[in-house]
Amino acid sequence: MILVLNAGSSSLKIEVFDADLGSLISGSVTNLGTIGQLKLGDTRITVQTDNHADALDLMLTALAKAGYPLNAFSAAAHRVVHGGAVLTQPARVSPAVLAIIESVVPLAPLHNPNNLAGIYALQSIAPDLAQYCSFGTAFHATNPEVATRYAIPQTHHDAGIRRYGFHGLSYANMVADFGDALPARLLAFHLGNGASLCAIHHGKSTATSMGYSPLSGLTMGTRSGDIDGAAVLRISKALGEDETDRMLNTNAGLQALAGDNNMKTLLERDDDAAKFAIAHFCYWAARHAGSAIIAMGGLDAVAFTGGIGENAAPVRDKIMGYLACFGDVPVHVIAADEEKQIARDALSLMAQGR
């Protein structure tokens, strides 16, 4: 069995998979640092934690009671948001790998430290258990340099300022889900509170909408999507750097346009602000899609995943209405499952003896 962990800023999520990638049980600990809830299968327990180590200890105890003791796991696998320009494939956790993840913390300051906390916590509890990690940026390492390079001086490029792309685990799982039926030129949308798209050409990412950070690209739930750098500088002069960062990431997007980042709620509303927010979301998804189609040299199919992509048919229909000019192509809806991809990566490395 493989234990998959996703350590976030205020939660720890887990899922257990068998050797055939069947999901056996899943759970989470919420509100880390205060009173939260441990969920595992049908179990719900109020718990208090100080950090990820506390949450992991509680979860491992609950797993053992549910019939999944720590010694039953062949390995553990972690989601790590950013692998930088070096970690472009899944990897077994080692001192060298951890050092690289630490080194790219400035590229993902809100995510990598929490991902590392989960790894270190499990190392402390089970030092002999093999651990693997999969990176949210890795799938886009196949983008050509012309797609990843910003037109900025070399010194800044060398400092890591370039397009990386995110949601890579979701796109990799989509490719695996298609299997031999994968279209040659697939336009993939991951639409949730965070939203992006990817041009998948013969199974490889050739372009994606997110860039240096998950802020760029499509209109999102609370993120602005693309915005002129000069506009950011002007806002920063008014609000300060930290407050501008918070505004663009947590109080922009649908939230700014309609006062709500929940697409389901917006679709149920009948006011002008909600209608405009939905229109903005779909219009910019389609605008960015055009550039992705150019990057692939055409379009054979479209696939949607993520909470909005899977569940909001009116959004899919509106986006596809814009894309009708590219011809009548098949539209697929794929269940998002990053945890399954992480387990798949770990099993693949184990099969290689790594």
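Kindly indicate whether residue 309 is surrounded by fewer than 17 Cβ atoms within 10 Å (Cβ to Cβ), at pLDDT 95 or above and not β-branched (Val, Ile, Thr). So residue 309 does not fit the description; no. Please work out which residue is farthest from residue 301 (Cα to Cα), limiting yourself to region 322-336 and to residues that are aliphatic (A, V, I, L, M) and over 25 Å from the mean Cα position of the chain (by Cα). It comes out as 324. For the residues 151, 99, 141, the requirement of being within 27 Å of residue 296 (Cβ to Cβ) and free of Cβ contacts under 8 Å to residues at least 24 places away in the same chain singles out 151. Kindly evaluate residue 134 against the criterion of being of a type in the set (S, T, N, Q) and not in a helix (DSSP H, G or I). The answer is yes for residue 134.
Looking at region 264-277, is at least one residue of a type in the set (A, V, I, L, M, F, W, C) and under 22 Å from the mean Cα position of the chain (by Cα)? Please lay out each step first, then the result.
Let us first name the residues in region 264-277 that are of a type in the set (A, V, I, L, M, F, W, C), namely 266-267, 273-274, 276-277.
Still in the running and under 22 Å from the mean Cα position of the chain (by Cα): none.
Among the residues of region 264-277, not one is of a type in the set (A, V, I, L, M, F, W, C) and under 22 Å from the mean Cα position of the chain (by Cα), which makes the answer no.
Within region 86-114, being farther than 26 Å from residue 156 by Cα, of a type in the set (S, T, N, Q) and at pLDDT 95 or above holds for one residue alone: 94.
Looking at region 168-210 only, could you name the residues that are outside any strand (DSSP E or B) and in contact with an Asp or Glu (Cβ under 6 Å, 6 or more places away or on another chain)?
At the first step, the residues of region 168-210 found to be outside any strand (DSSP E or B) are 168-184, 192-194, 202-203, 209-210.
Scanning region 168-210 gives 169, 170, 173, 183, 184.
Screening region 121-168 for residues that are under 21 Å from residue 90 (Cα atoms) and of a type in the set (S, T, N, Q) and picking the one that is surrounded by the most Cβ atoms within 10 Å (Cβ to Cβ) gives 134. Restrict the check to region 37-58 and report whether at least one residue is surrounded by 14 or more Cβ atoms within 10 Å (Cβ to Cβ), in contact with a helix residue (DSSP H, G or I) (Cβ under 7 Å, 6 or more places away or on another chain) and hydroxyl-bearing (Ser, Thr, Tyr). Yes, region 37-58 contains at least one residue that is surrounded by 14 or more Cβ atoms within 10 Å (Cβ to Cβ), in contact with a helix residue (DSSP H, G or I) (Cβ under 7 Å, 6 or more places away or on another chain) and hydroxyl-bearing (Ser, Thr, Tyr). Comparison of 294, 319 shows that the only residue that is under 24 Å from residue 177 (Cα atoms), touching a strand residue (DSSP E or B) at 6+ places or on another chain (Cβ under 9 Å) and in a helix (DSSP H, G or I) is 319.
Considering region 1-65, the qualifying strands (runs of 3 or more DSSP E), each wholly inside and each with 3 or more residues that are closer than 20 Å to residue 92 by Cα, run over 2-7, 11-17.
The values are calculated or read from the model by the stated rules, or taken from the named source; none is laboratory data. On a predicted model such as this, the values are computed, not experimentally measured, just so you know. Virtual Cβ from ideal backbone geometry, glycine too; neighbours counted across all protein chains shown.
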